[in-house]
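Here's the structure, in structure tokens; my notes come after.
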Amino acid sequence: MDDSNAIAPEQLVQRHALSGRSLLAVLHAIQDELGFVPPATVAPLARAMNLSRAEVHGVLTYYHHFRTRAAAPVTVQLCRAEACRSMGTEALAQHIEARTGCRFDAEPRHGEHAVVELESVYCLGQCALSPALTINGTLHAKLTPSKFDALLATEVKRVEETA
């Protein structure tokens with residue numbers, strides 16, 4: 001959901017940068033409201049929290065859970081840490097890219113609105129059940145190409161029905 005134009009960055013910051021709240025808590029609150037943290041909130045947030053813009057930007061870009069743009073309707077996060085790698089996640093990644101026509105961690109081209117977005121993550125806590133991934137935040141483990149295909153088809157159909 002892209003409400004970034006409907007709410008001024010200063011209003012977002014005033015609403016969420018309450019006394020005693022940490023930068024991480026404020027970033028999470030903004031992302032919970034909009035689905036991402038608009039880059040335009042960095043400067044007002046830095047002013048409100050008495051931080052540099054570089055500090056706010058650094059935190060925003062360091063943690064993979066924060067987004068600076070709206071997510072695609074179907075977001076796949078594949079674990080690419082060592083345990084999952086040892087259980088075939090790289091072969092699964094190749095299958096996922098071929099199946100979706102998308103590339104992992106690729107920025108969408110200007111003006112492009114993809115249905116599926118692929119992101120690498122580096123541990124979902126399912127090492128004993130690898131390879132693991134999430135689709136729109138729902139965890140799936142012991143993935144195979146055919147299991148992924150079924151999960152993806154179900155999620156794409158759900159998105160199409162709600163559109």
ask   = Consider E107 against the criteria (1) assigned to a helix (DSSP H, G or I); (2) more than 20 Å from K147 (Cα to Cα): it satisfies all of them except one. Which criterion is unmet?
value = (1)
request  = Report whether or not K147 is out of contact with any strand residue (DSSP E or B) (no Cβ under 9 Å at 6 or more places or on another chain) and either exposed (fewer than 15 other Cβ atoms within 10 Å of the Cβ) or not assigned by TED's automatic domain parsing to the domain that holds V26 (or both).
outcome  = no
query = Which one of these is without any contact (Cβ under 8 Å) to a residue 24 or more places away in the chain, touching a strand residue (DSSP E or B) at 6+ places or on another chain (Cβ under 9 Å) and farther than 30 Å from P44 by Cβ: L139, L118, L133?
reply = L139
note = Scanning the range 34-56 residue by residue, those over 13 Å from the mean Cα position of the chain (by Cα), within 28 Å of A81 (Cβ to Cβ) and surrounded by fewer than 17 Cβ atoms within 10 Å (Cβ to Cβ) turn out to be E55
request  = Select, from T61, T75, T138, the only residue that is modelled with pLDDT of 95 or more and polar (S, T, N, Q).
outcome  = T138
task = Spot the failing condition for L60; the list is (1) farther than 30 Å from T162 by Cα; (2) surrounded by fewer than 17 Cβ atoms within 10 Å (Cβ to Cβ); (3) under 21 Å from the mean Cα position of the chain (by Cα); (4) aliphatic (A, V, I, L, M), and only one is missed.
result = (2)
request  = Keeping to the range 18-41, report how many residues are out of contact with any Asp or Glu (no Cβ under 9 Å at 6 or more places or on another chain), among the hydrophobic types (A, V, I, L, M, F, W, C) and closer than 24 Å to S120 by Cβ.
outcome  = 4
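To keep it simple, each residue is scored yes or no on (1) within 27 Å of D32 (Cα to Cα); (2) assigned by TED's automatic domain parsing to the domain that holds E155; (3) touching a residue at least 12 places away in the same chain (Cβ under 8 Å); (4) out of contact with any Ser or Thr (no Cβ under 7 Å at 6 or more places or on another chain).
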position	(1), (2), (3), (4)
L51	yes, no, yes, yes
C79	yes, yes, yes, no
C84	no, yes, yes, no
R99	no, yes, yes, yes
D105	yes, yes, yes, no
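The values are calculated or read from the model by the stated rules, or taken from the named source; none is laboratory data. Here the structure is a predicted model, which is why all the values come from computation and not from measurement. Cβ sites come from the backbone with ideal geometry, for glycine too, and all protein chains shown count toward neighbours.
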